[in-house]
Amino acid sequence: MGRVEDVTLPARFITTAAHLIATLTIVYDTEATTRRALGTDQTDFASSKSNLEGLAWTSLIFFAIEFAGMFTGVSLFMPTANAYYIFSHFFGALFVGLFVCLNWEITAYHWFFALFSFFPALVECALAFAVTQMNAMQYK
């Protein structure tokens, strides 16, 4: 039996990359995704499109924060944080993919953004602060 990191580190990277790819489908296909989500009522198309586009681009910024934390090693060897990231990004990729394919309402993406992009980035920032400023994890 190997170490915990032998399983969690690749799983964290793969699930984060899958969630990133699902979000990139929204970024590069915002117009069609908005049209599908609005259905026959296209009266609020411009504001819905800009709202979805803004959330998707902000999500990409949060991914950059998380990848920076992962590759600098700030949260890489914290098993509890890794488990949180794995579950968060697994469900994020799943629900964002379903959002694109099943024509859910735009408001559903607000929840996905908050639960699966904002909170993991917030945790990453908190861990970075704890490691760098409060010496929560010292390397010996």
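The set of residues in region 38-47 being loosely packed, with under 12 Cβ neighbours inside 10 Å and within 20 Å of Gly97 (Cβ to Cβ) consists of Gly39 alone.
Does region 48-67 include one or more residues that are buried (at least 16 other Cβ atoms within 10 Å of the Cβ), without any contact (Cβ under 8 Å) to a residue 24 or more places away in the chain and out of contact with any Pro (no Cβ under 8 Å at 6 or more places or on another chain)? Yes; the residues of region 48-67 include at least one that is buried (at least 16 other Cβ atoms within 10 Å of the Cβ), without any contact (Cβ under 8 Å) to a residue 24 or more places away in the chain and out of contact with any Pro (no Cβ under 8 Å at 6 or more places or on another chain). Quick check on my filter: what residues within region 21-37 are open to solvent by 40 Å² or more (accessible area, probe 1.4 Å) and either among the aliphatic types (A, V, I, L, M) or in contact with a Cys (Cβ under 8 Å, 6 or more places away or on another chain) (or both)? Those that are open to solvent by 40 Å² or more (accessible area, probe 1.4 Å) and either among the aliphatic types (A, V, I, L, M) or in contact with a Cys (Cβ under 8 Å, 6 or more places away or on another chain) (or both): Ile21, Leu24. Given (1) at pLDDT 95 or above; (2) open to solvent by 20 Å² or more (accessible area, probe 1.4 Å); (3) of a type outside the set (A, V, I, L, M, F, W, C), identify the lone condition not met by His89. Failing condition for His89: (2). In region 92-139, of all residues being touching a residue at least 24 places away in the same chain (Cβ under 8 Å) and of a type in the set (S, T, N, Q), the one that is surrounded by the most Cβ atoms within 10 Å (Cβ to Cβ) corresponds to Ser117.
The values are calculated or read from the model by the stated rules, or taken from the named source; none is laboratory data. Predicted, not measured: the structure shown is a model, and the values here were computed from it. Cβ sites come from the backbone with ideal geometry, for glycine too, and all protein chains shown count toward neighbours. SASA here: full protein model, heavy atoms, side chains in, ligands and nucleic acids out. Shrake-Rupley method; radii C 1.70, N 1.55, O 1.52, S 1.80 Å.
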